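I have placed the structure first, in the form of structure tokens, so that the comments after it can refer back to it.
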Amino acid sequence: MSRNAAHRSPVRALVARVVSHVRVCREHGRLEVVADRIPAAEPGQFYQVRCGEALDAPPRVVELRGGVRPLVSPASVGLKRPALLRRPLSIADQWRDADGRDHLAFIYRVVGIGTSWLRDVTVGQWLDLIGPLGRGFALPEQDVPLACVGGGVGIPPLLFVGRRLGASGRRGGTFILGATTRALLPVPLAAEPDPGGEPRTCLRLPGEADMPAIITSDDGSVGMRGVVTDGLARWIDGLAPQDRDRALVLACGPEAMLAAVARYTREAHVSCQLSIERRMACGLGTCLSCIVRVRDAARPGGVRWALACSEGPVFDRDELATPE
């Protein structure tokens, strides 16, 4: 699929009720919310979540038409709210239950004021969301060798990829996930990963997707000792020569990790899409805080600044002027 042809869902402002909130590892929590008429999103898209006073209101949905953006009101910047700006959270899962209710799941790591507030949210409260935002991964229409490479808080959007691949019956996907240590791996294990780095069905993935995984940890406490790009190098080395032209890597994680993934895949002549992590104040393309350099032959120097929140966060590897 062409990156320009990737599906864009309508953006909506909505209030969704929290139906599950659990700790998935030492520093990560998983929030699940439910509402009616949540737009269908693509893996790699995200929501802007208001982190502040607990809401006590029925669900509401407002579709933003014709480029109209939500206005900042006095209520949205009340002094009682500990976090002035919304927090961008990638979609870890989305599905519709048997009763026709739409569910969203987010996995977050507690790193500051906003996510500290999220940590204390309880079941039954309401979250104020805007989304889905951004450009997600362009999944291939055919079953091809595909690796989902994630590190740390870059793992959640790849879990949503797993649901989509599993629902379509594709069997070519492999997850390659890395964490500093076992206690920071934000994915439940169904079995112990292979310490030698052999792909093994060991993850509990959304939608009960059945796909093998290579898990790495810096200290060797889970899976293969090393970094996630060690697992990627092993996967690439295992590709048959005739498969390299068809293979695809989807990656999300810290910038240093993405730079290494870009380098490995470029040298191996394997296609790659990278989800870039940036701080986002608005998520709507107005504050210009999430810029990233992209290649543009029509501009002086062959580069220009793009907005990760609207032109990304997913870019083809070769669109980016960085990472190199």
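The values are calculated or read from the model by the stated rules, or taken from the named source; none is laboratory data. Everything numeric in this text was worked out from a predicted model, so none of it was measured. Cβ placement follows ideal geometry from the backbone for every residue including glycine, while neighbour counts extend to all protein chains displayed. These area figures cover heavy atoms from the full protein model, side chains too; ligands, DNA and RNA do not enter into them. Shrake-Rupley method; radii C 1.70, N 1.55, O 1.52, S 1.80 Å.
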Checklist entry - Using only helices, what value at 222 nm comes out for the chain when you add -39,500 (n - 2.57) per DSSP H run of length 4 or more and divide by the total residues, to the nearest 500 deg cm²/dmol? => result -4000 deg cm²/dmol
Checklist outcome for this item: Reported to the nearest 10 Å², Arg204 has, with a 1.4 Å probe, an accessible area equal to 140
Next on the checklist: If you restrict to DSSP beta bridges whose two residues both lie in the chain, what percentage is antiparallel, to the nearest 5?
Outcome noted: 65
Checklist entry - Which value in nm describes the separation of the simple spin-label points at Glu267 and Ala298, placed 7 Å from the Cα toward the beta carbon? => result 3.5
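Let me check I've understood the local charge: for Ser289, count other residues with C-beta under 12 angstrom from its C-beta, Lys and Arg +1, Asp and Glu -1. What total comes out?
Values: positive: Arg278, Arg279; negative: none.
Around Ser289, the surrounding residues sum to +2.
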Item to check | Free-standing Cys, the chain [no other Cys Cβ under 4.7 Å] | outcome: Cys25, Cys51, Cys148, Cys202, Cys252, Cys272, Cys290, Cys309
Item to check | FRET efficiency, 1/(1 + (r/R0)^6) with R0 30 Å, evaluated for Leu288 and Thr201 via beta carbons | outcome: 0.10
Checklist entry - In percent, what relative contact order does the chain have, based on Cα pairs under 8 Å that are 6 or more apart in sequence? => result 17
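Work through the residues other than Thr216 whose Cβ is under 12 Å from its Cβ and net out their charges, Lys, Arg +1 and Asp, Glu -1.
Details: positive: Arg182, Arg225, Arg234; negative: Asp194, Asp218, Asp219, Asp230.
That sum, taken over residues with Cβ under 12 Å, equals -1.
Students sometimes get this wrong: rank His21, His269, His28 by accessible area, probe 1.4 Å, all chains present, largest first. The partial results should precede the final answer.
Working: His21 45, His269 140, His28 5 Å².
Largest accessible area first, the residues go His269, His21, His28.
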